[in-house]
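The values are calculated or read from the model by the stated rules, or taken from the named source; none is laboratory data. Note that the coordinates shown come from a computational prediction; the quantities given were computed from them, not determined experimentally. Here the Cβ positions follow ideal geometry from the backbone for every residue, glycine too, while neighbour counts run over all protein chains shown. Remember, those area values only see protein heavy atoms, side chains included, never the ligands or the DNA or RNA. Shrake-Rupley method; radii C 1.70, N 1.55, O 1.52, S 1.80 Å.
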Amino acid sequence: MKTVFVRAATESLGIEHLSAALKARGHDTALVYEPLLFDSFRLRLPFFEPESAARTARRVVELRPGLVGFSAESDHFPWALAVAREIKRLSRVPLIFGGVHPSTAPETALARPEVDLLCVGDGESALCALADRLAAGAGPEGIPNIWYKRGAEQVKGPVRLETDLDALPFPDKDLFFNEYPGFVRDTYSIVTGRGCPNACSYCHNSSMRRVLSRLGCRDRFLRRRSVDNVLKELAAAKGKYGFRRVSFCDDIFISDRAWLEEFAAAYPRRVGLPFFCNVHPADADERAVALLKAAGASAVNIGVQTVSEKLRRECLGRAESTESSVKALRLLRDAGLFVYTNFIFGLPGQDDAELERVAAFAAANPAGFHDVNWLRYYPGTAIFEKARGAGLLARKDAAAVEGGEFSVPYGHGGHSYTARRARLRNLVFLSSLFPAAARGALAAGAWRLLPAFSLRLPAVAARALLARLRGNPAPYPNFSLAGSLRYFLHYLRAVYAARAAAGAIGAARRAFVFARGALFLAGLLDTRRVSRYAAYSFRRGVLRQRVPGMAAFAATFACQCRCGACSSAGFRELFGEKIMARETALGRLRELAALGVPRLHFTGGENTLAPYLTDLAAAAAGAGITVFVETNGLNVTRELVTGLKRAGLACLNVSLDAAEPAAHDAARRSPGCHAAALKALRLAKEAGLPAMASCYATRESAADGSLAALLAAARKAGAGAVRILPPVPSGAWAGRLEALRLEGADRENVLAAAFAAGLPVLDRTAMVNCELPSAYKLMILPDGGVAPCEHLPYIFRGSEKVAITEIVNSAYGEKRFGPVVKCWARDAAWRARHPEAGGSAIYIPLAGEGVAP
């Protein structure tokens with residue numbers, strides 16, 4: 001079975017370990033990576049990433065996975081959910097979420113409709129067991145760490161941790177290397193253990209400990225691979241990939257002194273590359289620093305967080321003194337290591353004076369780069385629970401954190417950004433370059449003149465470059481400066497430039513499709529029809545008169561078909577097989593002509609069952625109205641086509657639901673309907689009567705090629721054009737509209753099919769504002785009555801006895817239908833307020849309060 005992993009913005013060691021485990025078990029894996037260059041920890045301009053979730057989902061579905069896995073941190077959890085929603089629109093593949101956020105807020109994560117399964121904690125054994133089950137057609141019952149939903153119930157497997165890390169296969173680096181070789185060649189990222197000996201209140205390790213304890217997991221939290229196992233991985237990977245530096249991503253690398261002693265003795269001989277690691281100030285004594293230097297460390301990261309020992313102890317859960325940080329910085333600096341420090345701005349109880357003391361500390365204690373992050377609350381952490389309990393976070397903000405709806409990373413403001421703090425933050429950055437100037441600016445208050453926008457990127461780049469010039473070949477935590485630039489340029493060229501070009505090509509295609517369709521419609525017009533449209537446009541657009549732009553005319557709702565998605569079922573239930581009296585029909589047509597209506601569609605029902613249809617078409621066309629007849633084709637004969645052409649019909653619209661006869665006939669529940677539709681198109685072509693095929697496009701038909709096949713069938717049958725409509729919430733589609741609805745990506749599929757069709761296509765899938773409140777359209781019913789829309793079940797009571805002009809002037813308006821929307825019948829919010837709109841026909845007053853605001 002194939003598992004497709006979805007990842008954004010960074011390499012994921014967790015996914016690499018999971019992929020290796022699955023491959024070792026005999027399963028296939030693949031990666032769909034989205035760089036999110038403009039919505040990541042590096043750069044945050046999310047308005048440049050409007051379609052990233054939809055694009056990613058399409059790429060996932062194209063790989064035909066048996067399981068889709070998301071490893072999601074809180075900052076990208078909303079993006080992962082957006083991708084999952086799109087995948088659910090396109091496929092029924094099960095979706096499993098794991099990683100830090102789902103594991104630290106498991107109940108909330110599993111409650112999301114986008115999440116089918118959850119992996120809590122370690123995933124190697126759990127995911128392999130799940131893949132085995134799914135490949136065998138079985139379910140996830142009883143698998144440790146796997147949670148799932150049974151109806152509204154959450155079924156929670158027991159949680160266990162991987163206790164023997166040496167028994168796990170080495171991570172599948174090929175997964176990300178094949179995506180972009182720089183992920184591995186620039187710096188090889190590795191973890192030597194899991195868990196952390198500390199319990200800092202703001203860290204995911206503290207939240208994971210709390211969750212595991214709550215869920216009854218008694219396995220050892222802090223686990224470490226043997227030195228030999230780590231070095232075997234590095235030596236093999238060095239020979240395969242040829243990387244130049246190593247980044248140890250453990251939260252704390254030097255806490256186990258015996259392990260560090262063994263590592264320092266063996267690493268230079270077996271690997272011998274500069275490396276980066278994270279250290280804790282309390283662990284960084286003379287011996288530990290000497291071991292790091294001897295092993296080949298070139299850069300380290302150390303968390304200071306704040307200079308207030310009280311705040312560090314009571315708010316952050318850290319017991320070390322500020323003096324220990326000063327000492328550790330001095331030892332590391334004297335050893336020639338490039339040191340990154342971390343501070344947090346915005347802690348509860350951290351006032352401006354404390355932030356100025358942080359800036360003074362940075363200026364007085366030189367480091368490679370003093371970094372500052374914003375306080376960002378993460379679910380399950382002690383600091384989050386404390387802030388929620390103390391009311392420092394509003395209830396809705398706390399819910400957003402836990403639900404994964406807050407997505408501002410700690411590098412871009414988190415929960416604590418203010419302009420004043422941002423200026424002090426910039427002073428800390430600059431103190432790495434100009435410590436004396438920073439001290440002077442702090443003393444004089446000149447830091448207030450600094451900009452509030454972040455100077456982090458240029459400051460850290462300058463410091464790293466300066467370190468390179470002074471002889472340190474690898475002063476980086478992961479990507480080098482050149483590597484970061486190569487990464488950005490690679491995806492800018494390979495992904496974003498291609499997308500920009502695709503956008504331009506799409507716009508050109510759209511213009512071509514529109515122009516070809518417009519030329520077809522223009523060919524249906526003669527002088528009288530053009531004059532009527534011009535008069536209509538002037539009266540409605542300039543004089544602001546209520547003149548319907550279109551009338552649907554249902555002489556009958558009788559029909560040989562019972563289409564699963566028919567929107568006329570409620571009307572047919574009321575009117576049965578009734579056919580409008582000829583004189584009544586002619587009278588209503590005269591009213592429409594006098595009102596100035598420019599376009600009329602005979603619809604219903606199957607209006608070819610009305611024996612005098614040609615007379616009605618002749619009456620409307622004779623008044624200069626552009627007339628269309630909608631038909632299923634079953635009653636279309638050569639004589640009828642000839643009569644309609646003679647009557648002045650503008651176009652015959654033949655419904656075509658599928659290229660395959662069986663699919664079309666099944667949808668219409670009428671054997672032989674497909675053959676009749678194609679015959680009607682052929683007869684119209686032979687008679688010289690313009691004809692178009694009319695179809696609906698759903699996200700399924702747009703994606704699976706069936707729409708393109710339908711267009712080809714229509715062209716072969718002789719259609720002059722094809723009209724493509726969006727799905728309607730009626731019949732079998734009533735409860736599925738959200739799944740069938742065409743989104744941006746689906747409409748691109750429609751456009752591609754239309755562009756390649758080889759005949760004019762009238763793409764009506766884009767929802768435009770419907771001017772129903774101003775009587776843009778109306779529908780004439782078999783008794784002469786009037787309905788506001790063919791897709792709504794409402795009928796104006798007593799309208800069969802009232803002139804159409806009076807109905808238009810009194811029965812419409814915003815009080816009745818509410819403000820303009822894209823389409824009342826297709827608007828989810830409007831339908832939710834009016835569940836009656838999905839049932840039988842309903843009579844409403846001609847005047848007075850409306851159906852709906």
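The lysines within cross-link reach of residue 310, meaning a Cα-to-Cα straight distance under 29 Å and a gap of 8 or more places when in the same chain, are 327, 386.
Relative to the dominant Cα principal axis of the chain, helix 435-444 is inclined by about 70°. Fully extending the segment from residue 515 to residue 550, taken as 0.36 nm per residue of separation minus the present Cα-Cα distance, adds 10.4 nm. Neighbours of residue 468, meaning other residues whose beta-carbon lies under 14 angstrom from its beta-carbon, give a summed charge of +4 when Lys and Arg score +1 and Asp and Glu score -1. Here residue 240 is the anchor, and the aspartates and glutamates within straight C-alpha reach of less than 13 Å, apart from those fewer than 8 places off in the same chain, are 172, 174. Per residue, the solvent-accessible area of segment 613-730 (1.4 Å probe, heavy atoms of protein chains only, all protein chains present) comes to 35 Å². Label-to-label distance, residue 538 versus residue 241, with points set 7 angstrom from Cα along the beta-carbon direction: 7.3 nm. In degrees from 0 to 90, rounded to the nearest 10, what is the angle of the helix 638-647 Cα long axis to the longest principal axis of the chain? Its long axis makes an angle of about 90 degrees. Estimated purely from DSSP H runs of n ≥ 4, each contributing -39500 (n - 2.57), the mean residue ellipticity at 222 nm for the chain is -12500 deg cm²/dmol once divided by its residues.
Applying 0.36 nm per residue to the separation of residue 229 and residue 766 and subtracting their alpha-carbon distance, the gain on full extension is 187.5 nm. When peptides 739-752, 66-79 are sorted by average Cβ neighbour count within 10 Å, with the highest value leading, the order is 66-79, 739-752. Of the beta bridges in the chain, as assigned by DSSP with both residues counted there, near 15 percent are antiparallel. Stretching residue 258 away from residue 507 to a fully extended chain increases their span by 83.2 nm, per 0.36 nm per residue minus the current alpha-carbon distance.
Dipole check for segment 711-853: with +1 at the C-beta of Lys and Arg, -1 at the C-beta of Asp and Glu, and the Cα centre as origin, the magnitude is about 260 Debye.
Estimate the FRET efficiency between residue 465 and residue 832 by the formula 1/(1 + (r/R0)^6), using the beta-carbon distance for r and 41 Å for R0, to the nearest 0.05. With a Förster radius of 41 Å, E is 0.10. In this simple spin-label model, placing a label point 7 Å from the Cα along the Cα-to-Cβ direction at both residue 446 and residue 64 gives a separation of 6.8 nm.
Ligands, DNA and RNA left out, the 1.4 Å accessible surface of segment 235-350 is 50% carbon and sulfur atoms. For segment 141-232, the per residue solvent-accessible surface stands at 44 Å², with DNA, RNA and ligands left out and a 1.4 Å probe. The spread of Cα positions in the chain, taken along each principal axis and listed from longest to shortest, comes to 105, 62, 49 Å. In terms of distances greater than 28 angstrom between alpha carbons, the cross-link table entries 232/293; 2/88; 2/173; 716/777 yield 716/777.
In segment 43-103, what percent of the accessible surface is made up of carbon and sulfur (1.4 Å probe, ligands and nucleic acids excluded)? Carbon with sulfur: 56 percent of the solvent-accessible area.
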